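Comments concern the structure below.
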Amino acid sequence: MNVITLHNTLPAVFAGRGETGSEIWLREVAFEKGKRYLISAESGTGKSSLCSYLYGYRNDYSGTMAFDGCDIRALSVEQWCEIRTHHIAYLAQDMRLFGELTAIENIELKNSITHHKTRGQILEMMEQLGVAEKAGSLVSKLSIGQQQRVALVRTLCQPCDFILLDEPVSHLDEHNNKVVAQIVAQEAQRQGAAIISTSVGNNVKITVDKEFRL
């Protein structure tokens, strides 16, 4: 996948509002593979909705979203499975971890499907992020910041063309923000992938090619 395009897209909840002032909604927007984007937003402006649309979780919007020119509304379940396994790596704001499983079990759930990372590589990322000692701990016993770091490692356990991050450092301090930025940037460079990150104020500290206001 090389480009994601939006054409006059607008969440259904915003219908009838007219001009939104957004640089995303009701615009012509293209996200290109290999580039880095920041979507800055205020709460309630639709950043998590945008991520859900791009990952195929929701389709309650007007206008068009397309992957390499193909309208994503036309994609089959099988095609979405392929996209989520090989083309878009997604870290949701709510992280979607399984509290009854350990940190490493949560990560290996995904890696067992993709076989993208070795166990050593996974533990190395966890070590960099300061959660290696929590590998055997239940996720439900971890702090929100620790959960966020575990979820990031899981997100990167796949091949991808786009890394989609919804507020990836919202619960992290300055140090861990920088570590996250470094790990994500390295993985994106390794795969030639784009980074699309959203933020309501605490931005992941990567250099971006373009920033949008949502």
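Counting only C-alpha contacts under 8 Å and six or more residues apart, can you give the relative contact order of the chain as a whole percent?
Values: 379 pairs, mean separation 68.4, N = 214.
Once divided by the residue count of the chain, the mean separation gives 32 percent.
Rounded to the nearest 10 degrees, the inclination of helix 103-114 to the longest alpha-carbon principal axis of the chain is 60 degrees.
Within segment 80-149, report the GluC sites (Glu not before Pro) that DSSP leaves as loop and that have at most 10 other Cβ atoms within 10 Å.
E100
Placing dummy labels 7 Å off each Cα toward the beta-carbon, the span from E211 to N59 is 3.5 nm.
Centroid-to-centroid, using Cα positions, segment 2-37 and segment 90-107 are 29 Å apart. The Cα atoms of segment 87-171 cover 32, 27, 23 Å along the three principal axes, with the biggest extent listed first. Net charge of the neighbourhood of K141, taken over other residues with C-beta under 14 Å away and scored Lys/Arg +1, Asp/Glu -1, is -2. Bridges between two residues of segment 3-213, per DSSP, are antiparallel at a rate of about 45%.
Rounded to the nearest 500 deg cm²/dmol, what is the calculated helix-only ellipticity per residue at 222 nm for the chain, with -39500 (n - 2.57) per DSSP H run of length n ≥ 4? The partial results should precede the final answer.
On the way: 6 runs with 70 residues, N = 214.
Helix-only estimate at 222 nm: -10000 deg cm²/dmol.
Checking every one of the GluC sites (Glu not before Pro) in segment 1-73 against DSSP loop status and a limit of 15 other Cβ atoms within 10 Å picks out E19, E23, E42.
Since every read-out is calculated from the coordinates, none of them should be taken as a lab result. All values reported here derive from a predicted model rather than from experimental measurement. Virtual Cβ from ideal backbone geometry, glycine too; neighbours counted across all protein chains shown.
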